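Asker: The structure is given below, and queries will be raised subsequently.
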Amino acid sequence: GVGSSGKVLQVGAGKTYANLAAVLSVVQPGDTVEVTGNATYPSVEIDVSGTQAKPILFKGVAVNGKPPVISGGDNTVHFSGSHVMMDGFEITAGVQRCVFHEADDITLCHSVVHDCARHGILGADTGSGTLVLSEIEVYATGGEPAGENIKHPIYVATDPMMYPNSVLHVEYSYVHDNNGGNAIKSRARRTEAYFNWIEASANMYYSIELVGYQDFTPDPRLDSDIVGNVLVHLSSDAFRMGGDGTGTSRGRVRFVNNTVILANAAFSASGSPVFRFQDEFDAFDASNNVIYKVGGGAVRVLRDDDATWLRGQQTIGGSNNWIPTGSAFIPAGWQSTVTGTSPGFTAATSAATLDVSVAAGSPLIMAGTSTLASTAGMEIASPLTSLAYHPPGKRPTSFASMVPVARAAETKPTIGAEPGP
């Protein structure tokens, strides 16, 4: 196990080391640093590296149910050393960034990132490799400080020269009640979002934005795998893929078994699109997704008037998506689309009372395709084809409720992120 071959170093009041910075001069690959909870520590740059076989583990040890808090600084936690895991912390009050990722093979898990004046979690354009975010909560971050560019709750790039095969992997996490920006914006070589509950608040832009490296040529293809998420969108234009005017992905996106909830009047058959494609883009492959507007009504599925499809035509595949009756701009490549006025959720009267578990009699039940592999010609590497989990909770209320929940096996998959009853 992690740290099993190394020492256990203890940080906190009455321990050998008073704070995280004090332990960095002695920590070695394979060591575990235990940090006493129910206490607050100053910001830290973790500039030491483990190895792939022997990462360094920083482990928060809860006291009276409270984790250690790391607070303040320009960057509250700055990862500049590689092969590091941080498990069980509350990270808050960073002036520029609560978490700054500038290394490779970093895992942040079982942690809460909140009340960050600008970026919640930011991955640098240079020096950054793979980042895994597992069972984390992000809230009260992002926005547009006066006179500054927009900031985001989670905004991650990877370095195409130093770490060309890097991945941003986000799983079993809860992103909600943020102040602006995109809930997740990625310029990573590969983006994986599995079994998360992501809400883009009313003052935000996209729930997920998948674009290209900034100012880098030649542009490699950046692919994404978005599976099993509940995605609640309170603003307009739910997802953007391809580019944002500064970097284009030329990529492929696979979008499978997601539950998309639109809670804004901007969505209609002629209004804001659910999926917006911009700049250079290769292929979009979507199956078993449900798209529902709170209160009912048709939606505009896509907009691609400012996109350049690399094969000279719209390249969209997939099947068995549920969309509201009367919806427009439905991709010509979608097969066996299911339409109706209600998907049969337990309760979806408003975004505030949302319960997207599937009620008995729902038309979503076992109405999906069992063929979860990519559409021919639109393949991405290593697609996730197991629906072993669904997102944490029905609407996570605390960090403690953000654990992966097993999804019951079905003869055919129910459409969306939740299984049938």
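The values are calculated or read from the model by the stated rules, or taken from the named source; none is laboratory data. Since the structure is predicted, the reported quantities are computational estimates derived from the model, not experimental observations. Please note: Cβ atoms are built from the backbone with ideal geometry, for glycine as well, and neighbour counts cover all protein chains shown. To get the accessible areas, we keep the full protein, side chains included, count just its heavy atoms, and leave off ligands, DNA and RNA. Shrake-Rupley method; radii C 1.70, N 1.55, O 1.52, S 1.80 Å.
Asker: Using helices alone, I'd like the mean residue ellipticity at 222 nm for the chain: each DSSP H run of four-plus residues gives -39500 (n - 2.57), total over residue count, nearest 500. Numbers along the way, then the final one.
Answerer: Values: 1 runs with 4 residues, N = 421.
Theoretical 222 nm ellipticity from helices: 0 deg cm²/dmol.
Asker: Decide, for region 316-421, between rounded, prolate and oblate: order the square roots of the alpha carbon gyration tensor eigenvalues as a ≥ b ≥ c, take rounded if a/c falls under 1.5, and otherwise choose prolate if a/b is larger than b/c, else oblate.
Answerer: On the way: a/c = 1.84, a/b = 1.24, b/c = 1.48.
Note, shape of region 316-421 comes out oblate.
Asker: Still on this structure: How large is the accessible surface of M162 in square angstrom, using a 1.4 angstrom probe and rounding to the nearest 10?
Answerer: The accessible area comes out at roughly 110 Å².
Asker: How far is the Cα center of region 1-63 from the Cα center of region 345-421, in Å?
Answerer: Their Cα centres are 37 Å away from one another.
Asker: Take every DSSP beta bridge with both residues inside region 68-165 and express the antiparallel ones as a percent of the total, to the nearest 5.
Answerer: Of those bridges, close to 5 percent are antiparallel.
Asker: Something else: Considering only protein heavy atoms, what is the solvent-accessible area of M378 at a probe of 1.4 Å, reported in Å² to the nearest 10?
Answerer: 20
Asker: Now a separate question. What order do you get for 165-174, 290-299 when each peptide is scored by the mean count of other beta carbon atoms within 10 Å, highest first? List each step's numbers first, then the result.
Answerer: On the way: 165-174: 22.3, 290-299: 20.8.
Descending mean neighbour count gives 165-174, 290-299.
Asker: If the chain between K412 and A359 were fully stretched, how many nm would it gain, using 0.36 nm times the residue separation less the Cα-Cα distance? The partial results should precede the final answer.
Answerer: Values: separation 53, 0.36 × 53 = 19.08 nm, distance 1.66 nm.
Residue separation times 0.36 nm, minus the Cα-Cα distance, leaves 17.4 nm.
Asker: Let me ask something else. What does the C-alpha gyration tensor say about the overall shape of region 37-155? Classify as rounded when a/c is under 1.5, otherwise prolate if a/b is larger than b/c, or oblate. Mind dumping the intermediate values first?
Answerer: On the way: a/c = 1.89, a/b = 1.16, b/c = 1.63.
Oblate shape, in that a/c is at least 1.5 and b/c is the bigger or equal ratio.
Asker: On to the next question. Rounded to the nearest 5, what % of the DSSP beta bridges within region 1-105 are antiparallel ones?
Answerer: Values: 1 of 28 bridges.
Of those bridges, close to 5 percent are antiparallel.
Asker: A further question on this structure: Among T353, T141, T337, what's the order by accessible area (1.4 angstrom probe), most exposed first?
Answerer: Values: T353 75, T141 0, T337 50 Å².
Reading off the accessible areas and sorting them downward yields T353, T337, T141.
Asker: Right, next: Leaving ligands, DNA and RNA out of it, report the carbon-plus-sulfur percent of the accessible area of the chain at a 1.4 Å probe. If you can, show how the numbers build up before the last one.
Answerer: Numbers: 7550 of 14940 Å².
Solvent-exposed carbon and sulfur of the chain make up 51 percent of the total.
Asker: Probe 1.4 Å, all protein chains in place: accessible area of W309 in Å², nearest 10?
Answerer: Surface open to solvent at W309 totals about 30 Å².
Asker: Under the 0.36 nm per residue contour assumption, what length would be gained going from the current alpha-carbon distance of A22 and A381 to full extension?
Answerer: Details: separation 359, 0.36 × 359 = 129.24 nm, distance 4.22 nm.
Difference between extended and current length: 125.0 nm.
Asker: Still on this structure: Tally Lys and Arg at +1 and Asp and Glu at -1 over the other residues with C-beta under 12 Å from the C-beta of E171: what net charge comes out? Could the numbers behind the result be given before it?
Answerer: Numbers: positive: none; negative: E135, E192, D225.
Summing Lys and Arg as +1 and Asp and Glu as -1 gives -3.
Asker: Just to be sure I understand: of the beta bridges DSSP finds with both ends in region 229-292, what percent are antiparallel, rounded to 5? Before the final figure, lay out each step's value.
Answerer: Details: 1 of 17 bridges.
Here the share of antiparallel DSSP bridges comes out near 5 percent.
Asker: Something else now. Could you work out how far apart the two model spin labels at S370 and V63 are, taking each label as a point 7 Å from the Cα in the direction of the beta carbon, and quote it in nm?
Answerer: Taking the simple label geometry, S370 and V63 are separated by 5.5 nm.
Asker: OK, next. Starting from 0.36 nm per residue, how many nanometres of slack lie between S268 and K7 once their C-alpha separation is accounted for? It would help to have the intermediate numbers written out before the result.
Answerer: Numbers: separation 261, 0.36 × 261 = 93.96 nm, distance 5.88 nm.
That works out to 88.1 nm of additional length.
Asker: Could you sort the peptides 131-139, 266-274 by per-residue average Cβ neighbour count (10 Å cutoff), highest mean leading?
Answerer: Working: 131-139: 22.9, 266-274: 17.8.
So the peptides 131-139, 266-274, ranked by packing, come out 131-139, 266-274.
Asker: Quick check on region 1-82: take the gyration tensor over C-alpha atoms, sort the square-rooted eigenvalues as a ≥ b ≥ c, and tell me if it's rounded (a/c under 1.5), prolate or oblate. The partial results should precede the final answer.
Answerer: Working: a/c = 1.82, a/b = 1.27, b/c = 1.44.
Oblate.
Asker: Ranked by accessible surface with a 1.4 Å probe, highest first, in what order do T339, T411 come?
Answerer: On the way: T339 85, T411 125 Å².
Solvent-accessible surface, decreasing: T411, T339.
Asker: Let me ask something additional. By residue number, which cysteines of the chain lack any other Cys whose Cβ falls under 4.7 Å from their Cβ?
Answerer: C109
Asker: Work out the length of the dipole vector of region 228-382 about its Cα centre, built from +1 on the beta-carbon of each Lys and Arg and -1 on the beta-carbon of each Asp and Glu, and round it to the nearest 20 debye.
Answerer: Numbers: 9 positive and 11 negative charges, 43 e Å.
I would put it at about 200 debye.
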